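Have a look at the structure below before the remarks.
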Amino acid sequence: MTRIADTVAINQAGHLEIGGVDSLKLVKEFGTPVIAYDVKRIKTTIKHFKQAFETAGLPYRVTYASKAFSALAMYRLVADAGLGCDVVSGGELYAALKGGMPPERIEFHGNNKLPAELAMAVDAQIGCIVVDNFQEIQFLDQILQEKKTEISVVLRVAPGIEAETHRYISTGQQNSKFGFDVLSGQADRALQELLNNPRMKVRGVHCHIGSQIFAVNGFLMAVDKMVELLQKWQQQFDFTAEILNLGGGFGTKYTEADQPLPPEEFTTKIITEVKQRIKNAQLPLPEIWIEPGRAIAGEAATTLYTVGSRKDVEGVCHFVAVDGGMGDNIRPALYQAKYEAFLASRPQALDEQIVTVVGKYCESGDILVKGAALPITHPGDILAIPSTGAYGYTMASNYNRNPRPAVVFCEDGKAQLIIRRETYADMLNCDLT
Ligand SMILES: *Cc1c(COP(=O)(O)O)cnc(C)c1O
């Protein structure tokens with residue numbers, strides 16, 4: 001089973017294994033669907049990201065974009081590994097703090113931060129707010145005046161770059177809903193406004209060109225644009241950035257067709273470009289921040305499902321249905337995202353059929369894998385879909401009143417339940433009679 005060898009492992013019994021735990025044992029203990037993370041894989045990826053900076057001897061910060069997978073245990077793990085995190089809502093901020101992330105390592109993103117969310121961030125004394133638009137500056141200023149305090153901010157800009165990815169996850173272009181537009185001079189006005197504000201300490205600049213990007217070129221272009229901007233701001237406003245935040249979006253492997261560069265290589269290329277450009281521009285070297293989300297969480301998890309019904313229309317279509325679907329992984333429906341599937345009990349069995357793996361939700365778009373090559377399956381078989389660690393659980397819903405799945409952390413042969421499966425009663429928690 002070489003085609004999945006670098007996202008999953010197979011044990012001596014010939015079963016899929018996650019973090020040293022036999023997948024069939026996981027299913028017995030926790031049921032299906034279950035999302036199982038290989039914790040060591042998360043730790044290794046984090047180490048590789050950090051190593052790229054440490055080898056280059058640069059001041060840096062890696063902040064985990066927690067919208068990829070937000071769980072108390074994940075914040076704990078990431079904090080213990082020395083990272084900070086991004087949050088994009090009051091709810092994520094609440095979870096990050098509860099999970100033990102030190103507030104000074106939290107940055108707050110988003111295009112419509114509510115005044116209540118901004119107030120919460122100010123009260124928690126988080127590391128910085130990534131200011132996105134003029135309205136937000138007003139809201140934040142009011143809060144800071146009322147609370148007689150100040151906060152560090154980083155200015156998010158849209159540098160005018162089209163990343164080669166799905167348009168829903170491309171965010172650096174001029175018509176993006178995120179950040180101050182550079183080309184029209186909006187970003188300059190924003191900086192001026194922030195510099196005139198005694199309650200906001202402008203520490204630097206941020207861009208995020210999109211997600212699931214494989215070509216390092218987009219990042220290098222972003223670096224060039226950002227350094228150009230910093231050079232201009234130095235001359236025009238006598239502003240020296242302490243932080244250059246280049247965002248996240250490092251592409252990861254979902255299927256064999258995806259060939260991402262290893263994180264350390266990708267990061268090293270970016271670092272080299274930053275050093276060169278900053279030197280050419282004769283600017284002091286800022287701290288370089290990156291914000292990987294899926295690159296940390298994505299490949300680390302595999303979702304296990306139980307096979308149920310099937311439908312065959314000879315010569316037309318073959319469907320194999322599992323006990324989850326768009327409620328635990330909406331990415332195929334949302335972005336036409338592609339995944340691979342295989343049997344947890346016989347991951348190396350020969351492929352005998354091409355099927356569409358569908359879920360149990362009442363939508364024709366409830367598809368998990370199109371064109372999955374599988375052995376003949378039977379009801380009760382355990383189907384595994386790897387690389388489901390990012391934007392799966394965090395986008396999960398209770399559509400059709402299906403409970404959200406359980407999530408486990410697996411490491412050194414031990415499995416720890418970190419999010420229990422929802423119950424029917426949980427789903428009625430907010431219903432009033
Ligand atoms: C979503 C997002 C990220 C992380 O994107 P990934 O593709 O998960 O790496 C980082 N920074 C910002 C601002 C984001 O919106």
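Looking at the range 83-153, the GluC sites (Glu not before Pro) that sit in a DSSP loop and have at most 16 other Cβ atoms within 10 Å of their own Cβ are 150.
According to the Cα gyration tensor, what semi-axes, each the square root of 5 times an eigenvalue, does the equivalent ellipsoid of the range 298-374 have, listed from largest to smallest in whole Å?
Details: eigenvalues 64, 57, 27 Å².
Semi-axes from the Cα gyration tensor: 18, 17, 12 Å.
Here's how it looks for residue 174: its modeled amide H is under 5 Å from those of 160, 161, which are all 5 or more places away or on a different chain.
Report, in deg cm²/dmol and to the nearest 500, the calculated mean residue ellipticity at 222 nm for the chain, where each DSSP H run with n ≥ 4 adds -39500 (n - 2.57) and the sum is divided by the residue count.
Mean residue ellipticity at 222 nm (helix-derived): -9000 deg cm²/dmol.
Sequentially through the range 207-218, phi angles give Karplus couplings (6.51, -1.76, 1.60; θ = phi - 60°) of 9, 9, 8, x, 10, 6, 9, 9, 7, 5, 3, x Hz, Gly and Pro residues having no value and appearing as x. Across the range 299-433, counting alpha-carbon atoms alone, Rg and Dmax equal 15.4, 53 Å. Couplings for the range 294-302, taken from phi via the Karplus curve 6.51 cos²θ - 1.76 cosθ + 1.60 with θ = phi - 60°, read 4, 5, 8, 9, x, 6, 6, 10, 10 Hz in order; Gly and Pro are left as x. Take the Cα coordinates of the range 12-128, assign each an equal point scatterer, and use the Debye formula without solvent to give log10 I(q)/I(0) at q = 0.16, 0.18 Å⁻¹. Computed log10 I(q)/I(0) values: -0.83, -0.94. Each label was represented as a point 7 Å from its Cα along the Cα-to-Cβ direction; for residue 44 and residue 149 these points are 4.2 nm apart.
Based on the Cβ-Cβ distance of residue 138 and residue 234, what FRET efficiency does E = 1/(1 + (r/R0)^6) give at R0 = 30 Å, to the nearest 0.05? List each step's numbers first, then the result.
Details: r = 27 Å, r/R0 = 0.89.
That pair, residue 138 with residue 234, gives E of 0.65.
Defining a contact as two alpha carbons under 8 Å apart and six or more residues distant in sequence, what relative contact order in percent does the chain show?
Working: 963 pairs, mean separation 86.4, N = 433.
Over the chain, the number comes to 20 percent.
Working from the pairwise distances between different alpha carbons, so that the mean of 1/r is found and then inverted, what is the chain's Kirkwood radius in Å?
Details: mean 1/r = 0.0439 Å⁻¹.
After inverting the mean inverse Cα-Cα distance, the result is 22.8 Å.
Using θ = phi - 60° in the Karplus curve 6.51 cos²θ - 1.76 cosθ + 1.60, the 3J(HN,Hα) couplings for the range 384-401 round to 10, 10, x, 6, 10, x, 10, 6, x, 4, 5, 9, 5, 9, 9, 3, 6, 6 Hz; x is entered for Gly and Pro.
Over all pairs of different C-alpha atoms, the range 7-55 has a mean inverse distance whose reciprocal, the Kirkwood radius, equals 12.3 Å.
Extents of the range 83-123, largest first, come to 25, 17, 15 Å (Cα atoms, principal axes, whole angstrom).
Within the range 293-398, the GluC sites (Glu not before Pro) that combine a DSSP coil assignment with at most 12 other C-beta atoms in a 10 angstrom radius are 314, 352. Relative to the current alpha-carbon distance between residue 398 and residue 425, full extension at 0.36 nm per residue lengthens the span by 8.5 nm. In this structure, the amide hydrogen of residue 201, modeled 1.01 Å from its nitrogen in the peptide plane, lies closer than 5 angstrom to those of 151, 152, 153, counting only residues at least 5 positions away or on a different chain. Between residue 353 and 374, the built amide H atoms are under 5 Å apart, and every one of these is 5 or more places off in sequence or on another chain. Separation of the alpha carbons by more than 30 angstrom is noted, of 201/253; 232/253; 43/275, for 201/253; 232/253. If the viscosity is 0.692 mPa s and the temperature 37 °C, what translational diffusion coefficient in µm²/s does Stokes-Einstein give for the range 109-292 when Rh comes from Kirkwood over Cα pairs? It diffuses with D of about 194 µm²/s by this estimate.
We did not get these values from a lab; they are worked out from the coordinates using the rules stated. Keep in mind that what you see is a predicted model, and the values were worked out from it rather than measured. Methodologically, a virtual Cβ is constructed for each residue, glycine included, from the backbone with ideal geometry; neighbour enumeration extends over all protein chains shown.
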